[in-house]
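Written below as structure tokens is the structure these notes are about.
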Amino acid sequence: PFSNTMNSYFMDPSDPSYEICQRVIRDMTQYGVCVINNFLGKERGHLVLNEVLEMYRSGIFTAGQLVSSPGSTEAQTIRSDRITWIDGKEPQCHHIGQLISQVDSIILKANKMSNNGKMGNYIINGRTKAMVACYPGSGSHYVKHVDNPNKDGRCITAIYYLNLDWDVKRCGGLLRVFPEGTNQVADIAPIFDRMLFFWSDRRNPHEVQPAYSTRYAITLWYFDSQEREEALRNFKRGQPSSSK
Ligand SMILES: Cc1cc(NC(=O)CCC(=O)O)nc(C)c1Br
Ligand SMILES: [Fe+3]
């Protein structure tokens, strides 16, 4: 439903352009999903990709999702995505760190710019670490799910894709979002230097279709201050958040 032709070349990382933030506000308000292509530009995109490849080669990625095949006799497991969490200050993650602070500044500026300082009625005051994910490409996928179904505080999912020459017909790995309230789906190819934002709650169930090439992505989840505070209060009281 949304046009994803926005390019963001030559953006000053410390002060994101007004029109990028306007675009995020408009698309998030109208569709709950926003795609920005050429987010860093080729050069910086490659610097981030090289750091991710180096991390992957160094073997610090853990097996993300261990799914023991149901009813299997031996404890056979089917690994799908492999992940590692970073804060971006690690010495070998300098450019990933720059990407993270660029996304931070866009989200925070957009949050301030949107009407009375709230984008989607959220006040964003923090985020998770960055999750670097790799789908090894042997048909690995991610089943349809909601990132934040039970008010754990996460309001925006931000995903940066790193995959050069990605052709969905050949490589699969499509992210399919099923925006609530419409039978229209949003198919998003995980192409190099593409930035994606979407509301993390039940408005955006999504799946990753089987990938047949190695598929890399960096994900950040931004917190709404009020919902996060409430979730932590519940957590301390030993209550599961709102409903399990
Ligand atoms: C670990 C974890 C990963 C994801 N990733 C995606 O949905 C994939 C998006 C993409 O790569 O296109 N989501 C959740 C709720 C958890 Br938890
Ligand atoms: Fe997800």
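The values are calculated or read from the model by the stated rules, or taken from the named source; none is laboratory data. Small disclaimer: the values here were computed from a predicted structure and weren't measured. Cβ sites come from the backbone with ideal geometry, for glycine too, and all protein chains shown count toward neighbours.
Observations
- Residue match in the range 136-146 (condition: buried (at least 21 other Cβ atoms within 10 Å of the Cβ) and under 25 Å from Q102 (Cα atoms)): no
- Subset tally (residues that are more than 21 Å from W221 (Cβ to Cβ) and within 14 Å of ligand 1 (Cβ to nearest atom)) for the range 175-200: 5
- Filter pass, S200 being within 16 Å of ligand 2 (Cβ to nearest atom) and of a type in the set (S, T, N, Q): yes
- Close pairs from the range 153-172: first closer than 30 Å to E227 by Cβ and aromatic (F, W, Y), partner at pLDDT 95 or above and within 15 Å of ligand 2 (Cβ to nearest atom), Cβ under 7 Å, at least 6 apart: Y160/A217; Y160/I218; Y161/P190; Y161/A217
- Some residue of the range 126-141 being more than 30 Å from R170 (Cβ to Cβ) and at pLDDT below 95: no
- The residue of the range 217-238 that is farthest from ligand 1 (Cβ to nearest atom), among those that are of a type in the set (S, T, Y) and part of a strand (DSSP E or B), is Y222.
- Among residues of the range 222-240, those that are charged (D, E, K, R) and crowded, with 19+ Cβ neighbours inside 10 Å, counted: 3
- Filtering H95, H145 for residues that are in contact (Cβ under 8 Å) with a residue 24 or more places away in the chain and under 25 Å from V48 (Cβ atoms) leaves a single hit, H95.
- Residue count for the range 55-76, restricted to those that are part of a helix (DSSP H, G or I) and either modelled with pLDDT of 95 or more or loosely packed, with under 12 Cβ neighbours inside 10 Å (or both): 1
- Test: residue in the range 106-115 that is modelled with pLDDT of 95 or more, away from ligand 2 (no atom under 16 Å from the Cβ) and either assigned to a loop (DSSP other than H, G, I, E, B) or out of contact with any strand residue (DSSP E or B) (no Cβ under 6 Å at 6 or more places or on another chain) (or both): yes
- Being surrounded by 15 or more Cβ atoms within 10 Å (Cβ to Cβ), more than 16 Å from ligand 2 (Cβ to nearest atom), at pLDDT 95 or above and of a type in the set (S, T, N, Q) holds for only one residue in T214, T219, and it is T214.
- Residue list for the range 150-186, restricted to those being among the small types (G, A, S) and surrounded by 18 or more Cβ atoms within 10 Å (Cβ to Cβ): G153, A158, G172, G173, A186
- Residue within the range 117-128 that is under 15 Å from the mean Cα position of the chain (by Cα) and within 13 Å of ligand 1 (Cβ to nearest atom) present: yes
- Restricting attention to the range 153-195 and to residues that are within 13 Å of ligand 2 (Cβ to nearest atom) and in a loop (DSSP other than H, G, I, E, B), the residue that is nearest to V208 (Cα to Cα) turns out to be P190.
- A Cβ distance below 8 Å, combined with a sequence gap of six or more or placement on separate chains, defines the contacts here; from the range 32-56, residues that are within 20 Å of P91 (Cα to Cα) reach residues that are in a loop (DSSP other than H, G, I, E, B) and among the aromatic types (F, W, Y) in the pairs G45/F39; G45/F192; L49/F192; M55/F61.
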